[in-house]
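The values are calculated or read from the model by the stated rules, or taken from the named source; none is laboratory data. These figures come from a predicted structure and were not determined experimentally. Neighbour counts are summed over all protein chains in view; Cβ atoms, including those assigned to glycine, are modelled from backbone coordinates with ideal geometry. Quick note on the areas: whole protein, heavy atoms, side chains included, nothing else; ligands and nucleic acids left out. Shrake-Rupley method; radii C 1.70, N 1.55, O 1.52, S 1.80 Å.
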Amino acid sequence: MILRRILFGATVTALFMVVVESVAWCWERYTWLGNQTVNDTSLYIENSGERPQLRPGASLDGSKFDISINSIGFRGPELSSERSANTLRVWCVGGSTTFDIYAPTNEDTWPYRLQVALQEALPDRQVEVINAGIPGEVLSGSREDFERFYSSIKPEYLVVYHGPNDLRFAAAAQEMPIYEPSSLLMFASFRLLSRWVPIQTVRTEWLNHTIDSPHWDRIERDILGFIDSTKRKGVEVVMATHAHRASDDAVGFTARVEVGESTTLLKMSPEGVIRSFSRYNEMVVEIAEEQGTHLADVRSAVPADGEYFGDHTHFTPKGSELAAQEIAAVIIEAEL
């Protein structure tokens, strides 16, 4: 009798887990894909080397997301075939925070909202903003794309909104114990739960992990090299500090909640992540002053609050709008 009850309980539990996993899988697929599959099953070009590259012409159409990639390989509409003399082009580079992964449509991304703000302020110009953000991208990759496409696009402004991926790779390049992501991520139910519960495990070996001076120097060289290349082409540079959900003085449990997934990405304590973002933003401000470039203080413009962030670094539509307005104000002042 006892064995029968155990078997019955195990069977019911297993069936329950199967139902939960099936519902989570269907929800995830419906949200992202709906009734349409992504071109060639992915937004990315596979086997493209170490750099992530978006597949030109790819699209993703789901119940909540409608994303399209243009023929160049960037998120957004095609550029006008004939550029008139009064066209103002702005090239925005970065990773997933520029791509704006929580923006449900191309028109909800901060680069597109930047285009709207600039067009309203400069009605005599034809404004085109290129969203060259690619999830996972770093400064050197964005510079490679800029060099590749500059001659055909020739933007007047370059907006640099990098940070998280360069910090992640700088942190990972140092001697650290190998960390394997949880095998539970293969389950849709666990992936959904990890999105809804932003508290990540902080491993003991991460507590004292920091980015060392040589890797900070590498980030600085990448920024300076990008600026130099851009200036030599006569393009105005807008350096942007990087916004995030955590307050500068957050500690303990509050910091863990606010930093969320970035503890795993940078393999640091939540406080260490916050200090790293602060140091990066201080570097951006100093470089902008030294190089005479424009500065958009997006970190100060978007409050460190969950209302403006879907996770630690990615905007909600409200956050995207504030970021766009801050960057637009800088460019409008330069134009007028």
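Restricted to region 251-300, and to residues there that are at positive phi and touching a residue at least 60 places away in the same chain (Cβ under 8 Å), the residue that is least open to solvent (accessible area, probe 1.4 Å) is G260. Could you tell me whether any residue of region 77-88 is within 25 Å of Y150 (Cβ to Cβ), crowded, with 18+ Cβ neighbours inside 10 Å and at pLDDT 90 or above? Checking region 77-88: at least one residue is within 25 Å of Y150 (Cβ to Cβ), crowded, with 18+ Cβ neighbours inside 10 Å and at pLDDT 90 or above. Considering R195, R168, R148, the condition of being farther than 30 Å from V330 by Cα, open to solvent by 20 Å² or more (accessible area, probe 1.4 Å) and either at pLDDT 90 or above or not in a loop (DSSP other than H, G, I, E, B) (or both) is satisfied by R195 alone. Checked against (1) open to solvent by 40 Å² or more (accessible area, probe 1.4 Å); (2) part of a loop (DSSP other than H, G, I, E, B), A243 meets all criteria but (1). Do we find a residue being among the polar types (S, T, N, Q) and more than 21 Å from Y102 (Cα to Cα) anywhere in region 291-304? Yes, region 291-304 has at least one match. Could you please find all residues in region 125-145 being among the charged types (D, E, K, R), assigned to a loop (DSSP other than H, G, I, E, B) and surrounded by fewer than 24 Cβ atoms within 10 Å (Cβ to Cβ)? Of everything in region 125-145, just one residue is among the charged types (D, E, K, R), assigned to a loop (DSSP other than H, G, I, E, B) and surrounded by fewer than 24 Cβ atoms within 10 Å (Cβ to Cβ), namely R125. The set of residues in region 113-125 being within 13 Å of V159 (Cβ to Cβ) and either within 11 Å of the chain's Cα centre (by Cα) or not small (G, A, S) (or both) consists of R113, L114, Q115, L118.
Among the residues of region 249-259, not a single one is touching an Asp or Glu at 6+ places or on another chain (Cβ under 7 Å) and either modelled with pLDDT of 95 or more or under 15 Å from R168 (Cα atoms) (or both).
Checking the stated criteria, E236 turns out not to satisfy the condition of being modelled with pLDDT of 85 or more, surrounded by fewer than 17 Cβ atoms within 10 Å (Cβ to Cβ) and under 28 Å from A324 (Cα atoms).
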